[in-house]
1. Testing the spin-label approximation: label points 7 Å from Cα along Cα→Cβ at Asn459 and Ile76. State their distance in nm.
2. By per-residue mean of other Cβ atoms within 10 Å, what is the highest-first order of 205-211, 399-405, 316-322?
3. Taking θ as phi - 60°, what are the ³J(HN,Hα) couplings along the stretch 100-112 by the Karplus curve (6.51, -1.76, 1.60), each to the nearest whole Hz, with x for Gly and Pro?
4. Hey, can you grab everything whose amide H is under 5 Å from the amide H of Ala409? Only 5+ residues off in sequence or another chain; H modelled, so Pro and N-termini drop out.
5. Hey, got the dipole for the stretch 334-433? About the Cα centre, +1 on K and R Cβ, -1 on D and E Cβ, debye to the nearest 20?
6. Using the charge dipole of the chain (Lys, Arg: +1 at Cβ; Asp, Glu: -1 at Cβ; taken about the Cα centre), state which of Ala252, Ala352, Gly14 has its Cα farthest towards the positive end.
7. Which residues' amide hydrogens lie under 5 Å from the amide hydrogen of Thr86, considering only partners 5 or more residues apart or on another chain, with H built in the peptide plane?
8. So what's the gap between the Cα centers of the stretch 336-401 and the stretch 402-459, to the nearest angstrom?
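The values are calculated or read from the model by the stated rules, or taken from the named source; none is laboratory data. Only a predicted model underlies this, so the values are computations on that prediction, with no experimental measurement involved. Reconstructed Cβ throughout: ideal geometry from the backbone, glycine too, with neighbour counts over all protein chains shown. Keep in mind that these areas ignore ligands, DNA and RNA; they rest on the heavy atoms of the full protein, side chains included. Shrake-Rupley method; radii C 1.70, N 1.55, O 1.52, S 1.80 Å.
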Amino acid sequence: MSTVVETVAGTVRGVAEPVGAYAFRGIPYAASPVGERRFAPPQPHPGWAGIRDAAAAGPAVPQWPSRLEQVMGPRIQDWDEQGCLTVNVWVPQEVSPTPRPVLLWFHGGGFTSGSGGWDWYDGARLAALGGIVVVTANYRLGPLGFLRLPEADNLGCRDQIEALRWVAANIAAFGGDPELITVGGQSAGAFSALALALDPATQRLVRRVIGQSGPLGLPPQDPDEAAETTERYLALLGIPAGGDPLPRLREAPVLELLYAYARLMLETGAPGRIAPPLYPVLGGAGQPGDWRELVPDGGLAGKDVLLGTTADETTAFFALNPMIQTLTAEAARELLGALDPESGAARYRRFAAEHPGARPAQVLTAAVGEVTFGDDLLTLGVELAAQGNPAYIYRFTRRPEPDRFGLGAAHCADLPFLFGNFERFPNSPMLGAVSDRDRALAARFGGALAAFVATGSPNGPGLEPWKPWLPGAAPEIRVF
């Protein structure tokens, strides 16, 4: 494998990483979404002459700082519309006689923040550990990606589709097998990976699916709700309803668009709400339907599936939120009832009885985690098992030491263990101090998911047995 690779758009030169992988960062998969291409579907990149340096990642998509920084650690913003639609590729340095399986992994961040180029998601160690090709990608976020506009809906999803097509067309040049693509991701990325596997436009390109902490309890956004939210956003920008908003949206400074979205988040936010104001719209590009309807119809037939959650998903959103932590029991019950009208009250009573002495905020946090991340994971597992396509399910339970904020195994806590890059989280409350035991856990967790990418099973030499969820049986959940 050479550090110089010929892609469809031009030649790139990567770098050798000390952990045993070659890295090719910041490769454009589409033209920059600027000018007339802002708020338009992704367009082909025009290509380049000569050899393009691929040592450094490209900029993030323009975005507001993530609320998850309070648990993952702070980041310096590095965004720029110019050159933001890129992929990053990591390939093991060890020579392989056959093409390698591929993982295309999408970051989370509530469709509002994140970047595939951030060192949190550096794929070098995972590629070397599992003998696989790892790819991460950027996609448009927030108002740039998910306004409900004519001919330009779900632009972030369209970007993800384009990134998948880029992988299918180019990954053989990096030693990857385009017939063995696993689409994976965490949180919003898991939501996206499942959608790509279910969408008739892309499902033929997807062999396997990994969903980490997917918000399966969150359906795609209702089109009418998305249209109303878009009108509200345009009003914040002073754009009148009824006309064509695109000229104003395309000429506005991008910071103005971000400031308006920050105001929208403040105005639409409510205690206990995890969903962002704008996210993929049902029936739009990349979201042909709800998984609750598509999976029972055989939408994942023939595809290997691995899904998981952390033990304490919603502490990442609630543990450091004073509005949640100071709730009375009555207020917490009312809030859960609004989020879960059918069974919220009974759920609150059950959690309170199971955890005597727990504060209302703790009961609410556990219950909302079950509603958003837990219930539907089990529903999906039951459905796949009944179809004879059993999924592999995990629960990540490692908690930081010391755990000063009571985070437990929070949303995102499994990410350093997937990528094995603890040094990239130097001030992360969710990680805490790292021990040799943690490094061994990373080898098991990352090794199992890499084995799944390679073979469709998270089992292999040196890995602990992991059974799929078989039909008619109690759930087989692998605890890490």
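1. In this crude label model, Asn459 to Ile76 measures out at 4.8 nm.
2. Details: 205-211: 23.4, 399-405: 14.6, 316-322: 20.0.
Those peptides, ordered most packed to least, come out 205-211, 316-322, 399-405.
3. 8, x, 10, 10, 9, 10, 9, 6, x, x, x, 6, 10
4. The list, which skips near neighbours in sequence, is Ala311, Asp312.
5. Numbers: 9 positive and 12 negative charges, 69 e Å.
Value, rounded to 20: 340 debye.
6. Working it through, the farthest residue towards the positive pole turns out to be Gly14.
7. Tyr29, Asn138
8. Answer, in whole Å: 22.
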